[in-house]
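The values are calculated or read from the model by the stated rules, or taken from the named source; none is laboratory data. Model, not experiment: these values are computed from the prediction. Every residue, glycine among them, receives a Cβ derived from its backbone with ideal geometry; neighbour counts consider all protein chains shown.
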Amino acid sequence: MLKKELLELLDKISSGTISPDEALKNIVHRPFLEAAQGLNLDTHRGIRTGVSEVVFGQGKSLEQLISAVETLSQSGNPVMVTKVDEQSGLGLKEHFGGTYLQIPKIFILNKDIDLSHPWPAQGRVLIISAGGADLPVALEALTTCLFFNLKAGLISDVGVAGLHRLFPHLETIYRSEIIIVAAGMEGALPSVIAGLCDKPVLAVPTSVGYGTSFNGITPLLAMLTSCAPGISVVNIDNGFGAACFAVKMLQTADERNRSRGI
């Protein structure tokens, strides 16, 4: 449950639309629910943090994933499972319906998200993929933004090997509020972007590259040692984490503006 949903529920109580007892049925009595297969699910995370719990699929059995999705989807709540392999993703789709997005390896239930190309070209959050091989991480970030109702766009394959490909998108970059840049190899693109605009840049190193990229260690260190100010770095292949950071930043900005009457 998100803060917005809780506030809407309290408004209904205040207006007499529903009774307190009816509202109580919609609120989880404990801050977590014990599910089958050894899982404890944090159903109040959205209230505390503004970002509801998402299931991390890697390393979990299909039975565990089914248990988690069943618990989180109570009352028709949307559910997202990240880093879920094709076999488990298709297994979830067969069991629940929903959508399995193969490239970012994400399963979605009770929410429509369309990742068909062309992707949105602009948004409050702009995601930039250095190369086509970085797309799974970039699409994970895009899907996460859309899942949390944040307008986001994606620009793909504009890395430093052909930097002129970035120039037609400069106006879009300037109009965005936060930029997420996914890059492997030597991880140079976030520094370039941060040196071109006044927007905060969230750098996501990917595990793409030849031997001395060390499965993402080289771009990670390059991004951490960037001389361009205004860059924050998340973990390797963590498009989800970058998107959640963007969601929180913009939620905070929106709440501050509302309190000021803006």
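At a glance:
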quantity	calculated
Qualifying residue in region 136-147 (condition: closer than 24 Å to Thr252 by Cα, aromatic (Phe, Trp, Tyr) and surrounded by fewer than 24 Cβ atoms within 10 Å (Cβ to Cβ))	yes
Residue within region 126-148 that is touching an Asp or Glu at 6+ places or on another chain (Cβ under 7 Å), assigned to a loop (DSSP other than H, G, I, E, B), at pLDDT below 95 and not aromatic (Phe, Trp, Tyr) present	yes
Positions within region 80-105 being assigned to a helix (DSSP H, G or I) and aliphatic (A, V, I, L, M), in sequence order	Leu90, Leu92
Among the candidates Gly239, Gly230, residue that is modelled with pLDDT of 95 or more, touching a Pro at 6+ places or on another chain (Cβ under 8 Å) and outside the structural domain of Pro104 (by TED's automatic domain parsing)	Gly239
Count - residues of region 203-230 that are among the aliphatic types (A, V, I, L, M), crowded, with 22+ Cβ neighbours inside 10 Å and in a loop (DSSP other than H, G, I, E, B)	1
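Every residue, every condition in (1) modelled with pLDDT of 85 or more; (2) surrounded by 17 or more Cβ atoms within 10 Å (Cβ to Cβ); (3) closer than 18 Å to Leu101 by Cβ; (4) not basic (Lys, Arg), yes or no:
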| residue | (1), (2), (3), (4) |
| --- | --- |
| Ala23 | no, no, no, yes |
| Thr43 | no, yes, no, yes |
| Gly59 | yes, no, no, yes |
| Ser75 | no, no, no, yes |
| Val81 | yes, yes, yes, yes |
